[in-house]
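Student: Have a look at this one.
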Amino acid sequence: MSYTGSAPASSSLYWKGMESSGDPHPPILAGAQNAWDMLSDEQSQKHITTGSGDLNNILGGGIHCKEVTEIGGVPGVGKTQLGIQLAINVQIPVEYGGLGGKAVYIDTEGSFMVERVYQIAEGCISDILEHFPHSHDFDDLALRTRVLSGLSLKLMKIAKAFNLAVVLLNQVTTKFTEGSFQLTLALGDSWSHSCTNRLILYWNGNDRYAYLDKSPSLPVASAPYAVTGKGVRDAVSSNHKRVRVT
């Protein structure tokens with residue numbers, strides 16, 4: 001067999017000895033690329049930022065997609081931290097300079113720390129808001145309402161399609177009502193109608209209470225609870241005092 005010396009535009013390789021099969025140009029290496037295609041792919045390759053500009057530079061822009069990258073080092077040097085950082089950074093939306101992807105973190109040593117993930121995620125959001133300050137100024141209240149409504153519909157659809165329990169943790173804010181300021185859940189009245197169920201946590205003196213404010217099938221009710229070293233349990237006495245959310 002001898003090589004013909006040229007490759008057609010399809011970027012596959014052909015051999016003279018194969019022409020007897022009836023196909024004048026039978027491919028032997030499907031998917032092979034010419035130099036131009038390889039250069040184009042390299043220039044358009046996507047990267048996951050590490051969070052460090054210097055580290056990104058020595059990696060040629062960050063962690064390369066479509067490649068396998070090994071990260072090694074002695075205990076405590078930061079392997080897990082970098083792994084968590086990458087798992088978060090790959091999810092940065094495209095409009096904020098990220099890939100808008102997803103991450104699967106497989107922990108075989110028990111070193112994955114949820115609290116640390118939360119801290120790194122908060123830091124990532126803080127950096128985004130610093131570089132894209134417009135991303136948290138909803139001057140257009142109508143736009144804000146539409147965004148929240150669309151988000152609610154998507155969460156409802158996902159919950160039903162995949163048999164998931166979607167839980168949203170909301171903050172409190174102040175609202176001027178009947179001549180005085182009161183604490184209320186954030187995101188406004190429109191958002192309050194978007195959820196199927198609504199559970200409000202508040203303080204009653206020294207005790208924690210949960211108030212079922214909304215449900216399609218259950219009556220309005222409240223129940224005490226406690227946060228202990230073992231987690232959430234039935235109510236126990238507490239020495240803390242807080243303000244009830246109305």
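The values are calculated or read from the model by the stated rules, or taken from the named source; none is laboratory data. Quick caveat: nothing in here was measured; it's all calculated off a predicted structure. Here the Cβ positions follow ideal geometry from the backbone for every residue, glycine too, while neighbour counts run over all protein chains shown. When the accessible area is computed, the model is the full protein with side chains, heavy atoms only, and any ligands, DNA or RNA have been set aside. Shrake-Rupley method; radii C 1.70, N 1.55, O 1.52, S 1.80 Å.
Student: Can you check what the net charge comes to around VAL90, using other residues whose Cβ is under 11 Å from the Cβ of VAL90 (Lys, Arg +1; Asp, Glu -1)?
Tutor: Working: positive: LYS46, LYS102; negative: none.
Summing Lys/Arg as +1 and Asp/Glu as -1 gives +2.
Student: Distance cut-off 28 Å, Cα to Cα: go down the list LYS154/LYS230; LYS157/LYS214; LYS46/LYS157; LYS175/LYS230 and report the pairs above it. Please list the in-between numbers first.
Tutor: Working: LYS154/LYS230 34 Å; LYS157/LYS214 20 Å; LYS46/LYS157 31 Å; LYS175/LYS230 35 Å.
Going by Cα-Cα distance, LYS154/LYS230; LYS46/LYS157; LYS175/LYS230 fall outside the 28 Å limit.
Student: Keeping all protein chains in place and using 1.4 angstrom, which order do HIS64, HIS131 fall into by accessible surface area, from largest down?
Tutor: Details: HIS64 45, HIS131 130 Å².
Result of the area sort, largest leading: HIS131, HIS64.
Student: Hey, could you get me the Stokes-Einstein D for the range 89-227, Kirkwood radius over alpha-carbon pairs, 4 °C and 1.567 mPa s, rounded to whole µm² s⁻¹? List each step's numbers first, then the result.
Tutor: Values: Rh = 18.7 Å.
My calculation gives 69 µm²/s for D.
Student: Which FRET efficiency value, to the nearest 0.05, do you get for LEU148 and MET113 by plugging their Cβ-Cβ distance into 1/(1 + (r/R0)^6) with R0 = 25 Å? It would help to have the intermediate numbers written out before the result.
Tutor: Values: r = 31 Å, r/R0 = 1.25.
Efficiency, from the Cβ-Cβ distance: 0.20.
Student: Using 0.36 nm per residue, how much length does the chain from SER190 to ALA159 gain when fully extended, once their Cα-Cα distance is taken away? It would help to have the intermediate numbers written out before the result.
Tutor: Details: separation 31, 0.36 × 31 = 11.16 nm, distance 2.00 nm.
Length gained, SER190 through ALA159: 9.2 nm.
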